[in-house]
1. What helices (runs of 4 or more DSSP H) completely inside region 470-556 contain at least 3 residues that are touching a residue at least 12 places away in the same chain (Cβ under 8 Å)?
2. So which residues in region 12-31 are at pLDDT 85 or above, crowded, with 19+ Cβ neighbours inside 10 Å and not in a helix (DSSP H, G or I)?
3. Kindly provide the set of residues from region 700-717 that are part of a helix (DSSP H, G or I) and aliphatic (A, V, I, L, M), ordered by number.
4. Among the numbered criteria (1) away from ligand 1 (no atom under 16 Å from the Cβ); (2) assigned to a helix (DSSP H, G or I), which single criterion is violated by C166?
5. If you check I183, I215, I145, I193, which single one turns out to be within 16 Å of ligand 1 (Cβ to nearest atom) and within 33 Å of the chain's Cα centre (by Cα)?
6. Out of region 618-638, which residues are closer than 16 Å to T712 by Cβ, free of Cβ contacts under 8 Å to residues at least 60 places away in the same chain and buried (at least 17 other Cβ atoms within 10 Å of the Cβ)?
7. Just the residues that are of a type in the set (G, A, S) and out of contact with any Ser or Thr (no Cβ under 9 Å at 6 or more places or on another chain), please, taken from region 437-453.
8. Is at least one residue of region 644-665 assigned by TED's automatic domain parsing to the domain that holds G547, surrounded by fewer than 18 Cβ atoms within 10 Å (Cβ to Cβ) and under 30 Å from K249 (Cα atoms)?
Amino acid sequence: MDKRKSKSITKKITVSGIVQGVGFRPFVYNIAKKHGILGTVRNIGGLVEIILQSSEEKYNDFLQDLKTNAPIGSEITGIETENINERKFDGFRIIESGNDEEISIIPPDLPVCESCERELFIGTDRRFLNPFISCMSCGARYTIIEELPYDRHNTTMRDFDMCPSCREEYTSPKNRRFHAQTISCYDCGPYLIFNNLTDANELTEKDAFEEAAKIIESGGIIAVKGIGGYHFACSPFLEDTVLKLRELKGREAKPFAIMFESVDSIREYCIVSEKEEELLKSKARPIVLLYLKNDSMAPSACQGSIYCGAFLPYTPLQVLLIKRCGPLIMTSANISNKPIIKDNQEMLSLKSPLLNGVLYNKRRIVRSVDDSVSKVMDSTPQLIRRSRGHVPYPVFCPNDKKELQIFAAGGDLKASFCLYKNGNAVMSQYFGDLEERTVLERYKASVKDLCHMLKITPDIAVCDMHPNYHSSKFAESLGIPLIYVQHHHAHIASVMAEHHLDGQVIGVAFDGTGYGTDGQIWGGEFLVCEGAEFKRAAHLRYTPILGGDASMRDAAKTAVCFLLSSNLDKYIKDERKDIIKAALKNNINTVLTSSMGRLFDAVSSLLGIRHENSYEGECAAMLEKEAVLALRKGTEPKNMAFEIKQKSDLIEIDPKPVFESLCHHRYSAGIGSLALGFHYAVADMILEVCEIIRKEQNINTVALSGGVFQNTVLMERALKILRDKHFKVYYNVSVPPNDGSIGLGQTFIGLER
Ligand code: ZN
Ligand code: ZN
Ligand code: FE
């Protein structure tokens, strides 16, 4: 016998990544058994610790298996091994969880897996049509965890006693529900309940499902409890119903997300590429923005958008409901900018004649999480809203400052904060606009919650320099050292953080609004960034516009302001022209802005496409739509260009010639040609300014960020022409380009300071 083989080694293996709540310990148990290895496995903090004893050869086989066959839903980011002293084992066992000071990686919520979905429809199975079927590879995680480590008694599943049959599965190593913390059945619950909101009689289980389905089929609207909160569900084909839904949600104007049974079903309505199919089926099961093929849906469902937010069912209940009722609008159940409703009591007490019932269960949701939103751009999945399925998985930001713990407050719009410890930047879920008091409350409560869960006590806080941001005021209230970061600098830093960029970067930050170091409203910025520092290199010429909240909505008014400052008075048709002119002249409620978002608004209105933003970015989205349609038809883009003026050490970008072009050709060239021409002109301008900066400062790396870059036509054009000129271009991938990226950028700057 080979001496080397028989010699026993004892090792400690620490596995990091998403390794809890995904069946990792049972998996380790099974491969240890397979290779005849002795030892133990346990959760420790957010890690999995394996102690094993075996021959060198078996150890190597084990390690190979560990790396290549890890369960679906897991994601190994590191494996550390060390030799330890020999000890005695009598087999291989899963042991009690331990605690330590490492950052915990809390598993994100997982969609129903293929095996469970199959089992759901097996007539003889004891979970036949059970809307809560799950296993160790699927089900709620982040939203039901009360404490770490992730064990049943630390989740809201503790409200349900395991029945003997479930207990049997839970303790059988070969069973795919071995240590599945969300294990349940018809005997142990949770179970389905339907409340029609009019009498006290509640239906349960099959009856509950039947009643809810019937109401939807007859054009009603019901609330359905999901993973991170409630959805409002109804048919996307009935205009009256969709209008009622808009009324119920407080006249919300955004296109609604629609859930489909399968990718094939989505293909009947939308164009789906291979990459988009992958994204639809990915673990986060995000809402994916797809081009609509036809207009067979009710006009108010997609609100004239060229995109449809499509997604696949991710809970067993959704699988059953969509199979029965066909494609359904599934929109976050919230009223007028308030947070998504997660508690049964709140939902059941929502007395509205527009809501025909609530389909729910009694498993508590610990923290609310909206659906994530993604799209494919540049053949890469890109996040628009980072929430369910992504949070609280960290963005890895390796750094030498091992000890430093950071709270970064993010921005006020699309609020999302970031917590940093030990190389991991954890972005919170999306909250919405902090101007709404209830959203702010949830944001604050969530900071406390995540700090506790991740065992983070921030040493420093980082926030936006905007004097009126609620997020900044909250950061100030913490009483720890505080760093203020300029908004667009944070945008660019988020790209640097994601791609681990060091050295100098030309940052192009285009968005609607951000507070500048000179007190003006920035938003069309070229910043040269390095480490924690930045210098403004170029910006869109300041245009005086009328301030106030309403003017963000009023694109027609913005257009008047841009035309006035370009001396194109004679082209202004708006009857408010003289009043606006007088107000600007007398400096009444006037602000200076270099906002690219406002420029898109103005152009959209000038071309007669949209005059008002009934939701953020609507005018720009409709302008993009015209450009997309033009591209499809092969329409030539109208040539136009910005004027680039070199002023001492700052470049000023003047949109005047663009407006001249648009005004002159407004009625001769087609709208599509002008819309596309405008997009191309912005891309050309990006290239031109980047080339000037490259020539002067020898920087070849470009980072693009800010909400304007959600525009696919602009983004793809800019990427193409920058790459043609050999720039290395980076953009946001794991955080959104909009203000959802601010927290990560602030964290990066906090680390670099
Ligand atoms: Zn499963
Ligand atoms: Zn059971
Ligand atoms: Fe921004």
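The values are calculated or read from the model by the stated rules, or taken from the named source; none is laboratory data. Everything numeric here is computed off the predicted structure, so don't read it as measured data. In this analysis, Cβ positions are derived from the backbone assuming ideal geometry, glycine residues included, and neighbour counts consider all displayed protein chains.
1. Details: elements: 470-477, 487-498, 549-553.
Here the list reads 470-477, 487-498.
2. Selection gives I13, V15.
3. Within region 700-717, the subset part of a helix (DSSP H, G or I) is 707-710, 712-717.
Once the filter is applied, which keeps residues that are part of a helix (DSSP H, G or I) and aliphatic (A, V, I, L, M), region 700-717 yields V708, V713, L714, M715.
4. (1)
5. Values: I215 fails: within 16 Å of ligand 1 (Cβ to nearest atom); I145 fails: within 16 Å of ligand 1 (Cβ to nearest atom); I193 fails: within 16 Å of ligand 1 (Cβ to nearest atom).
Selected residue: I183, the only one of I183, I215, I145, I193 that is within 16 Å of ligand 1 (Cβ to nearest atom) and within 33 Å of the chain's Cα centre (by Cα).
6. Across region 618-638, the qualifying residues are L623, E626, A630, P637.
7. Filtering region 437-453 for residues of a type in the set (G, A, S) gives 445-446.
Of everything in region 437-453, just one residue is of a type in the set (G, A, S) and out of contact with any Ser or Thr (no Cβ under 9 Å at 6 or more places or on another chain), namely A445.
8. No, there is no match, as no residue in region 644-665 is assigned by TED's automatic domain parsing to the domain that holds G547, surrounded by fewer than 18 Cβ atoms within 10 Å (Cβ to Cβ) and under 30 Å from K249 (Cα atoms).
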